[in-house]
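A quick write-up on the structure given underneath.
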Amino acid sequence: LTQAQYETVMNGNSEGLNVKPSQWPNNDDRPVEKVSWEDAQVFLSRLNSIEQTAGRLPAGWKYVLPTEAEWEYAARGGLDGEEYVWKGGKEEPEGEPLANIWHGRFPRENTEKDGFYGTAPVGQFPANNYGLYDVAGNVWEW
């Protein structure tokens with residue numbers, strides 16, 4: 001979820017939550033990475049309301065956080081065994097990482113802050129076999 005997407009949904013929230021919850025705010029294409037489970041529930045409630053009102057979400061459907069098993073299935077992108085899920089079964093070209101997995105360090109651009117590199121723009125790395133970007137890597141998962 002990009003910072004721009006989060007801000008669009010959370011603008012004017014009555015819960016008083018920050019609309020730019022990131023260690024690297026004002027980077028619209030980077031992920032939101034400083035939200036709690038409770039914050040995510042508020043976001044989902046607002047998103048569901050917006051989408052249902054706009055007629056883009058069928059009756060009885062709603063956005064939810066995935067279970068651990070659902071997340072792992074999506075992150076693996078159809079791969080079995082011990083292959084690195086962020087590689088999508090591909091060999092990593094020399095010097096070209098296929099995911100931002102090194103403890104939040106992103107070497108492709110100068111994002112250093114307090115001795116650490118930041119998150120990468122969403123979609124910077126190749127999608128997995130299911131067409132999903134950044135499911136594994138880029139931010140610490142809960």
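Surface calculation, 1.4 Å probe, protein heavy atoms: THR53 sits at approximately 120 Å² accessible. With all protein chains in place and a 1.4 Å probe, the accessible surface of region 1-64 carries 50 percent carbon and sulfur. In the assembled protein chains, SER45 presents an accessible area of approximately 70 Å² (probe radius 1.4 Å). Coupling constants for region 3-11 follow from the phi torsions by the Karplus curve (6.51 cos²θ - 1.76 cosθ + 1.60, θ = phi - 60°), and in residue order they are 4, 5, 5, 4, 4, 4, 6, 8, 4 Hz; glycine and proline get x. Only protein heavy atoms count here; under a 1.4 Å probe, ARG56 has an accessible surface of about 140 Å².
The values are calculated or read from the model by the stated rules, or taken from the named source; none is laboratory data. Just so you know, these numbers come straight off a predicted model, no measurement behind them. Remember, those area values only see protein heavy atoms, side chains included, never the ligands or the DNA or RNA. Shrake-Rupley method; radii C 1.70, N 1.55, O 1.52, S 1.80 Å.
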